[in-house]
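> Following this message is one structure expressed as C-alpha cells.
The values are calculated or read from the model by the stated rules, or taken from the named source; none is laboratory data. Owing to the predicted nature of the structure, the values given are computational and were not obtained by experimental measurement. Reconstructed Cβ throughout: ideal geometry from the backbone, glycine too, with neighbour counts over all protein chains shown.
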Amino acid sequence: MTVAPEPRRAVAAETGDNRLLSDPPTYVCKQAGQSITVDGVLSETSWQKAEPIELVLREGTGKPKLPTTAKMLWDNDALYVAFVCTDTDIWATMTQHDDPLWEQEVVEVFIDPTGTADPYFEIEVNPL
C-alpha cells in the first residue's frame, strides 16, 4: 500500500489554496507481520519496522514548531495509523460531531482508495 498526495489536490481545488498542490512525500505502508493491539503503545515488532514520516504544516509552509511523526501498517482487516506528537501545551475545545477540528490541535488522515480523490475519506482526531 502506498500513501500518496491526491487528497491535497482535491482540497486545493475546493479551497483555491494552491500551496497545497506541492506533493508531500510518498509513504509505503508495510504489512503488519503480527497481530496489532490498538492501545497507543507501539511495542509490536511490526511498529519498529514501520518507517516514520515527519509531518508538515497543513498550509505546506514548512515544518511545525514541534515535530509530529506518523507510522502506518496494514493487515487483512485494518489500516493502522500511529502518531507521535510532541506538544508542550495539549489542548482542544471541540467535542461535537462535524466540529471544524482542523482549526485546532488535530492529526488528520486522508484515504484515497481510487487514486482520484473522488471519493476520499478524511479522519481527524483531536486530543479529546
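> Select from segment 94-123 the residues that are of a type in the set (S, T, N, Q) and touching a residue at least 24 places away in the same chain (Cβ under 8 Å) and write down the one among them that is farthest from GLU51 (Cα to Cα).
THR95
> Quick check on LYS63: is it within 19 Å of GLU108 (Cα to Cα) and surrounded by fewer than 17 Cβ atoms within 10 Å (Cβ to Cβ)?
yes
> What are the residues in segment 97-121 that are at pLDDT 90 or above and loosely packed, with under 13 Cβ neighbours inside 10 Å, if any?
HIS97, ASP98, PRO100, GLU103
> So which pairs qualify, if the first residue must be in segment 70-83 and of a type outside the set (A, V, I, L, M, F, W, C), the second must be in a strand (DSSP E or B), the Cβ gap must be under 7 Å, and the two must be at least 6 apart or on different chains?
Listed by first residue and then by second, the contacts come to LYS71/ALA82; ASP75/GLN31; TYR80/MET72; TYR80/LEU73; TYR80/TRP74.
> May I pose another question? Can you tell which of MET72, MET94 is touching a helix residue (DSSP H, G or I) at 6+ places or on another chain (Cβ under 9 Å), surrounded by 14 or more Cβ atoms within 10 Å (Cβ to Cβ) and among the aliphatic types (A, V, I, L, M)?
Going through MET72, MET94 in turn, the sole match is MET94.
> Right, another one. Restricting attention to segment 29-50, and to residues there that are within 21 Å of ILE111 (Cβ to Cβ) and loosely packed, with under 12 Cβ neighbours inside 10 Å, which single residue is modelled with the lowest pLDDT?
Only one residue tops the list, namely GLY40.
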